[in-house]
Each structure stands twice: as structure tokens, then as C-alpha cells.
1. Of the conditions (1) under 19 Å from PRO422 (Cα atoms); (2) out of contact with any Leu (no Cβ under 7 Å at 6 or more places or on another chain); (3) in contact (Cβ under 8 Å) with a residue 12 or more places away in the chain; (4) of a type outside the set (Ser, Thr, Tyr), GLU103 clears all except one; give me its number.
2. If only one of PHE288, PHE253, PHE276, PHE296 is assigned by TED's automatic domain parsing to the domain that holds PHE202 and touching a Ser or Thr at 6+ places or on another chain (Cβ under 6 Å), which one is it?
3. Determine whether segment 369-381 contains at least one residue that is aromatic (Phe, Trp, Tyr), out of contact with any helix residue (DSSP H, G or I) (no Cβ under 8 Å at 6 or more places or on another chain) and over 30 Å from SER112 (Cβ atoms).
4. Checking SER279 against (1) more than 19 Å from THR391 (Cα to Cα); (2) in a strand (DSSP E or B), which test does it fail?
5. What is the residue count in segment 46-77 for residues that are hydrophobic (A, V, I, L, M, F, W, C) and either modelled with pLDDT under 85 or part of a strand (DSSP E or B) (or both)?
6. Could you figure out which of (1) under 22 Å from LEU269 (Cβ atoms); (2) surrounded by 13 or more Cβ atoms within 10 Å (Cβ to Cβ) isn't true of THR214?
Amino acid sequence: MNRMYFIWLITLIFATSATVQSQNDIDKEGKLTVFIDCRNTRCDLNFIRTEITFVDFLLDRLSADVHILITSRGTGGGGRRYEMIFFGQNRLQQLRDTITYFEKPVTTLSESRELLVQHLKLGLVPFLIKIKFTEGINITVNQDSDSGNGTGTNYLISDPWNYWVITLRGDGNINGEKVYTSYGYNGNLSASRVTDELKVGFSLYGSNNRTSYTFETDTSIEKFVARTNNYGLNHYLVKSINSHWSVGYESIFNSNTFSNFKRQLYTRLAVEYNIFPYSQINDRYLAFSYGFVTRFNRYYDSTIYDKLKETLFAHSVRMNLALNKKWGTINAGMAYHNFFQNWALNSFTMNFSVNVRVTGGLSFYVASSGGLVHDQVYLAKAGATQQQVLTRIRQLKSSYYFQNRFGISYRFGSKLNNFVNPRFEGG
């Protein structure tokens with residue numbers, strides 16, 4: 001009996017020691033790492049990263065401590081049911097949890113993202129407790145703990161990619177009928193690195209499309225082939241000066257048959273001032289920028305100014321406004337541009353959109369954009385044939401453009417229907 005008791009005691013000591021050691025290993029590994037998977041629903045990832053500063057967000061799901069799968073489904077009452085599944089991985093693989101909540105039909109975008117962040121924070125609590133990383137976190141009041149880095153920004157302990165993100169995309173299409181065939185392909189390779197101090201990116205892209213039309217009459221058959229291609233390289237770099245000022249440049253090399261550019265090199269050096277601190281960009285944003293522009297253009301066909309190539313200098317002024325409030329959202333922008341060689345060659349554009357919940361189930365939206373265009377120096381002198389106009393493979397001269405959409409909605413009836421019934425809706 002004493003021998004059995006002794007063996008049991010030794011086993012318990014070793015088990016306890018192993019548990020303590022395992023827990024100590026967890027404690028030494030620092031902040032919780034999280035992968036957000038919301039491909040099947042709407043997520044404002046920038047807002048999530050801004051509001052939840054006590055974890056590190058990873059782009060590699062296999063390396064994260066927690067994989068959070070977020071899905072949503074419309075309810076019979078017009079709202080949405082959200083489900084968050086928290087999968088513990090690696091050092092926390094023994095943990096798993098699920099949170100479900102409902103969103104009202106009249107919830108605005110601002111309210112929706114706040115609800116999502118609130119439930120994300122609640123779901124992360126058990127994982128934070130497990131690694132004993134709860135200091136400075138209060139889920140009932142302000143939760144913007146920066147864990148001592150003093151900036152409120154998430155920093156990885158070790159990132160072999162040094163914050164670079166690379167994306168490769170490609171697609172193609174083939175369509176046809178008896179008198180119509182079309183095929184094309186598109187490709188894009190991009191790389192970007194974003195931190196508080198510096199934002200830099202590159203993008204290489206290309207597309208080629210060919211469409212064939214056959215016109216049959218009683219006496220003849222006519223065939224018309226429309227071809228367009230567009231390829232180029234974009235690069236930008238933005239440096240933070242302080243919480244309101246930033247400076248940067250963008251450079252574009254482009255070839256585009258639609259706009260008559262055989263080769264174009266565009267550069268813009270600009271400075272930007274944000275009325276509000278950049279840290280408040282999720283709620284409000286009002287920024288003004290001024291830029292100096294150079295263009296080195298070489299054209300396929302002579303332009304309306306009898307140019308096959310030219311160098312142009314210009315400047316531009318831009319304004320952008322964004323407000324996200326519980327009552328709705330407002331977005332607006334203005335831009336002015338003119339060439340120094342001839343100030344009459346200018347353009348002025350505006351865009352505006354608003355989505356407002358007036359009261360209860362009453363809401364309205366307006367979206368409008370347009371402008372005055374007097375700087376189309378690249379237009380081909382020969383103009384466009386009737387077929388080119390109909391197939392839109394050649395840009396045409398215009399002094400203005402506009403687009404408008406508006407609407408109103410009013411919802412009444414049951415607000416308590418949280419049933420989810422996906423029958424006949426597919427996946």
C-alpha cells in the first residue's frame with residue numbers, strides 16, 4: 001500500500017512539474033497571436049487592428065495561437081446572426097470556444113464593426129487568461145492597452161518577413177456565341193509593407209482582351225475584332241512626419257491602348273495634412289494634399305495637339321472626407337489638376353456618398369460623382385470609328401461626366417425574428 005502511495009505521489013509531482021513547466025513556457029512566449037478569417041462576411045480589419053491592441057495579428061493561420069473564423073447569415077427579421085469560432089492552436093490547442101450574437105436590421109456600418117470588436121474581445125479573454133497576459137486590460141471600459149510599447153500599435157515579437165505582404169493574382173475568361181467571341185487574361189503581382197512610420201508598395205499588372213463580332217446580312221458577312229491591352233508598374237512611398245502630416249510620392253509606368261498611351265511615366269510628389277489625428281481615421285478623416293506632377297508621354301497615334309511624345313508638368317490639390325458614426329456614414333472627395341504649360345488644360349472632380357438612418361427603420365442614401373474635364377491631352381487626333389465607339393476600345397473627348405444614385409428605405413414589422421433558414425439559398 002505504501003509502495004502504491006509512493007508511486008502515485010511521484011507521478012503527481014512529475015505531472016504537476018510538467019504542467020508548471022508548460023505554463024511557464026507559455027508565459028515566456030509573450031503576446032497572444034491571432035489570425036482573423038472573415039472571408040465569408042464583412043470585416044473592417046483596419047478597425048479591428050486599431051481597437052484590439054493587446055494581441056499580435058498574423059497573416060499565417062498556422063503560426064497563430066488562435067484562429068478566429070467569423071461567419072454571418074441573414075435572419076428572417078432582416079438582421080444578421082454572427083458566429084465566431086475561436087480555435088486554439090500551437091501552445092493553446094486545447095482551447096476552443098464559440099460566440100454567437102445578432103445584429104439588428106437597422107445597424108449602421110459603424111455600429112456593426114463596434115459590435116464585432118466587442119465580441120472579439122470577449123472571446124479572447126479565456127485565451128489571455130491562459131497565457132496570463134491580462135495586465136492592463138479592462139473589458140468594461142477602455143481596452144486600448146498597448147502592452148507598454150507606447151504607440152497603441154501591434155508589433156510582432158519576431159517577423160521573418162519584416163511586415164512585407166506579397167499577393168499574386170491571375171484570371172482569364174472565354175465567352176462566345178454564334179456571332180460573338182471574347183477572351184482575355186489579367187495578372188497582378190503586388191508587394192506592400194505598412195508600419196506607423198512608413199508605407200511602401202509595388203504593383204506589376206497586365207491585361208489583354210480580344211473580342212470578335214460578326215455582322216451578317218443577306219449578301220455579306222463582316223467581321224470586326226477589338227483588341228485592348230493595359231500593363232504597367234506602380235510604386236508608392238509614404239513617410240509619417242507626425243500625427244497630422246505626411247509626405248510621399250507615387251510613380252506609374254503604363255501602356256494603355258484605350259487611352260492612346262504607348263508609354264507613360266507619371267510621378268507625383270505630395271504632402272498631406274489631416275485635420276484629425278491619423279489615429280482617429282476609423283471614425284473621422286479630413287485630409288488635404290498638394291502635389292507636383294510630371295508626365296512623360298509617348299503616344300500610339302498623334303494627339304489632338306499634334307504630339308507623338310511630350311513632357312508635361314502640373315500640380316494637383318485633393319481633399320478627402322470620411323465620417324463613420326452610429327447614425328450612418330459620409331464620404332466625400334474633391335480633386336483639381338492643371339498643366340503649367342496651359343492652365344486652361346485642367347480638371348475638377350467631386351464624389352459624395354451618404355447613408356443615413358433617420359429614425360427607427362427609416363434611412364436614405366445618396367451617391368454622386370462627376371466633374372469637368374479639360375485636360376485630355378492624350379486623345380488621338382484621328383478620333384474613333386463607329387465600331388470603336390460601340391465597343392469602347394478608344395477613349396473619346398468629353399468636357400464632363402456624372403453618375404448619380406439615390407434611394408430611401410423604410411422597414412417596419414417584427415424585430416424579434418432571429419431564426420436562420422438557409423433552405424433553397426445554397427451555400
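The values are calculated or read from the model by the stated rules, or taken from the named source; none is laboratory data. Bear in mind that the values here come from a model prediction, so they are computed numbers and not experimental data. Every residue, glycine as well, gets a Cβ built from its backbone with ideal geometry; the counts of neighbours run over all protein chains shown.
1. Looking at each condition in turn, GLU103 falls short on (2).
2. PHE296 is the lone residue from the list that is assigned by TED's automatic domain parsing to the domain that holds PHE202 and touching a Ser or Thr at 6+ places or on another chain (Cβ under 6 Å).
3. Yes, the conditions are met somewhere in segment 369-381.
4. (2)
5. To start, the set of residues in segment 46-77 that are hydrophobic (A, V, I, L, M, F, W, C) comprises 47-48, 52, 54-55, 57-59, 62, 64, 66, 68-70.
Retained after the next criterion (residues that are either modelled with pLDDT under 85 or part of a strand (DSSP E or B) (or both)): 55, 57, 59, 62, 66, 68-70.
Here the count works out to 8.
6. For THR214, the exception is condition (1).
To keep it simple, each residue is scored yes or no on (1) within 27 Å of THR195 (Cα to Cα); (2) in contact (Cβ under 8 Å) with a residue 60 or more places away in the chain.
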{"site": "ASP44", "(1), (2)": "yes, yes"}
{"site": "LEU59", "(1), (2)": "yes, yes"}
{"site": "ILE68", "(1), (2)": "yes, no"}
{"site": "THR71", "(1), (2)": "no, no"}
{"site": "GLY74", "(1), (2)": "no, yes"}
{"site": "GLY88", "(1), (2)": "no, no"}
{"site": "ARG91", "(1), (2)": "no, yes"}
{"site": "LEU124", "(1), (2)": "yes, yes"}
